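The values are calculated or read from the model by the stated rules, or taken from the named source; none is laboratory data. Computed from a prediction, not measured in an experiment: that's the story for all the values here. FYI the Cβ positions are ideal-geometry reconstructions off the backbone, even for glycines, and counts take in every protein chain you see.
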Amino acid sequence: MARSCRDLRRGIGLSSNDERGFTLVELLVVVAIIGVISAIAIVALKSAVDKSRQRKTMATIRSAGTAIQTYSADLGHFPSDGLTAAELSLALSGVTFKHVTTTDGWDHDLVYTADTSDFTLESYGRDGADGPQDIGKSSSAEYDYDLVFVNGQFINSPEGAE
């Protein structure tokens, strides 16, 4: 009446060839689930990184705008129109601040324009190209849209006009 291990395994539905472990199908299902979760996480992470870069750009534009306004208050005029970002940084550095950053969160140059009474700073967004349109509250997750700062206020930003 002594039963062997083989008999016990057969009694519970296991054959002698069954091993403990996972089947190939089970492993493939787990890998597929991990893949789907990873894809969702990567998309969310990319969005968070872009939002962070957008916020950094807004802070950079505000700082550069403050430097331009201080420059104007000290010298009686805005820096020349049509300066490149590097030229604008050089013009503002030393006169108003030690160093003024003029690149956005995506490492694109800010675009500066001025006349006798107004100045504009603009970031073209993630794609670095003008357009397709200016950003607003309803399009705050459109990171290719332009951020526009005029005379110390955002005209177009994810927060809406200030």
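Looking for whichever is of a type in the set (D, E, K, R) and closer than 30 Å to Asp74 by Cβ here; the options are Asp144, Asp134, Asp109, Asp130. Which one fits?
The unique qualifying residue is Asp109.
Taking the condition among the aliphatic types (A, V, I, L, M) and under 26 Å from the mean Cα position of the chain (by Cα), does Leu110 pass? Explain how you work it out, then say what you get.
On the way: among the aliphatic types (A, V, I, L, M): yes; under 26 Å from the mean Cα position of the chain (by Cα): yes.
Yes, satisfied.
Checking the condition of a type outside the set (Phe, Trp, Tyr) and touching a helix residue (DSSP H, G or I) at 6+ places or on another chain (Cβ under 9 Å), which residue from Leu88, Leu75 passes?
On the way: Leu75 fails: touching a helix residue (DSSP H, G or I) at 6+ places or on another chain (Cβ under 9 Å).
Every option except Leu88 fails the conditions.
Could you look through segment 88-107, keep only residues that are modelled with pLDDT of 90 or more and among the charged types (D, E, K, R), and pick out the one that is farthest from Gly125 (Cα to Cα)?
Asp107
Just to check your reading of the model, which residue among Val29, Val49, Val43 is part of a helix (DSSP H, G or I), at pLDDT below 90, surrounded by 10 or more Cβ atoms within 10 Å (Cβ to Cβ) and among the β-branched types (Val, Ile, Thr)?
Details: Val29 fails: at pLDDT below 90; Val49 fails: at pLDDT below 90.
That would be Val43, the only listed residue that is part of a helix (DSSP H, G or I), at pLDDT below 90, surrounded by 10 or more Cβ atoms within 10 Å (Cβ to Cβ) and among the β-branched types (Val, Ile, Thr).
Residue check: is Ser72 touching a Pro at 6+ places or on another chain (Cβ under 9 Å) and either surrounded by 12 or more Cβ atoms within 10 Å (Cβ to Cβ) or modelled with pLDDT under 85 (or both)? Explain how you work it out, then say what you get.
Details: touching a Pro at 6+ places or on another chain (Cβ under 9 Å): yes; either surrounded by 12 or more Cβ atoms within 10 Å (Cβ to Cβ) or modelled with pLDDT under 85 (or both): yes.
The answer is yes for Ser72.
Can you tell which of Thr66, Thr120 is surrounded by 16 or more Cβ atoms within 10 Å (Cβ to Cβ), of a type in the set (Val, Ile, Thr), out of contact with any helix residue (DSSP H, G or I) (no Cβ under 9 Å at 6 or more places or on another chain) and outside any loop (DSSP other than H, G, I, E, B)?
On the way: Thr66 fails: surrounded by 16 or more Cβ atoms within 10 Å (Cβ to Cβ).
Sole residue among the options that is surrounded by 16 or more Cβ atoms within 10 Å (Cβ to Cβ), of a type in the set (Val, Ile, Thr), out of contact with any helix residue (DSSP H, G or I) (no Cβ under 9 Å at 6 or more places or on another chain) and outside any loop (DSSP other than H, G, I, E, B): Thr120.
Any idea which residue in segment 123-154 is modelled with the lowest pLDDT, counting only those that are buried (at least 16 other Cβ atoms within 10 Å of the Cβ) and among the aliphatic types (A, V, I, L, M)?
Filtering first and then ranking leaves Ile135.
Take segment 4-17 and flag every residue that is at pLDDT 55 or above and either in contact with a Phe, Trp or Tyr (Cβ under 7 Å, 6 or more places away or on another chain) or surrounded by 10 or more Cβ atoms within 10 Å (Cβ to Cβ) (or both).
Arg6, Asp7, Arg10
Taking only segment 37-70 into account, find how many residues are farther than 13 Å from Gln153 by Cα and free of Cβ contacts under 8 Å to residues at least 40 places away in the same chain.
14
All but one of (1) free of Cβ contacts under 8 Å to residues at least 24 places away in the same chain; (2) more than 15 Å from Ala59 (Cα to Cα) hold for Phe78; which doesn't?
Checking Phe78 against (1) free of Cβ contacts under 8 Å to residues at least 24 places away in the same chain; (2) more than 15 Å from Ala59 (Cα to Cα), the one that fails is (1).
Would you check if Gln54 is within 20 Å of Tyr143 (Cα to Cα), assigned to a helix (DSSP H, G or I) and not β-branched (Val, Ile, Thr)?
yes
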